[in-house]
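Input: a single structure, listed below in structure tokens.
Any read-out appearing in this document is the output of simple, stated calculations on the displayed coordinates, not a laboratory observation. As the structure is a computational prediction, the values presented were derived from the model and not from experiment. In this analysis, Cβ positions are derived from the backbone assuming ideal geometry, glycine residues included, and neighbour counts consider all displayed protein chains.
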Amino acid sequence: MGLIDRATKTIKDLLEKVLTHYDTANWPKYIKDVIYNYNHTPHKGINNKEPATLNTQEDFMILKNNINE
């Protein structure tokens, strides 16, 4: 569950930065872009790969092993 909590916190922090930058509280307008950017940014926990590019069994085994560490 910690991995999900971390991802949620990261997305929340990114969204807060966007909302502050645009001086708005209209988060539904920006949430898709924030999640897209999150999924297309390399993550250290998955060997500097972008989550959106994980598509092989090997990729998912790397993710599973990193979760279990």
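Spelling out what I want: for every residue of the stretch 6-20, take phi, set θ = phi - 60°, compute 6.51 cos²θ - 1.76 cosθ + 1.60 (Karplus), and round to whole Hz; glycine and proline get x.
So the J values, rounded to whole Hz, are 5, 4, 4, 5, 4, 5, 4, 4, 5, 5, 4, 4, 5, 5, 5.
How long is the gain from Ile11 to Met61 if the chain were fully straight, where each residue apart is worth 0.36 nm and the alpha carbon distance is subtracted?
Answer, rounded to one decimal: 15.6 nm.
Candidates [x] 13.2; [y] 11.8; [z] 12.2; which is the computed Kirkwood radius over Cα pairs in Å?
Step by step, Kirkwood radius over Cα pairs in Å for this structure corresponds to label [x].
Pairs of lysine in the chain with Cα under 26 Å and at least 8 positions apart or on different chains: total?
So the count of such lysine pairs works out to 20.
Using the Cβ atoms and a cut-off under 14 Å, what net charge is assigned to the surroundings of Tyr22, where Lys and Arg are +1 and Asp and Glu are -1?
Residues near Tyr22 contribute -1 overall.
Which value at 222 nm does the chain reach when only helices count, each DSSP H run of 4 or more adding -39,500 (n - 2.57), with the total divided by all residues and rounded to the nearest 500 deg cm²/dmol?
Roughly -21500 deg cm²/dmol at 222 nm, from the helical runs in the chain.
Mind listing the long-range amide H neighbours of Lys49? Cut-off is under 5 Å, sequence gap 5 or more, other chains count too, H placed in the peptide plane at 1.01 Å from N.
Residues meeting the criterion, in which the H sits 1.01 Å from N, are His43.
Extension gain Glu50-Lys32, at 0.36 nm per residue separation less the Cα-Cα distance, in nm?
Net length gain for the segment: 4.8 nm.
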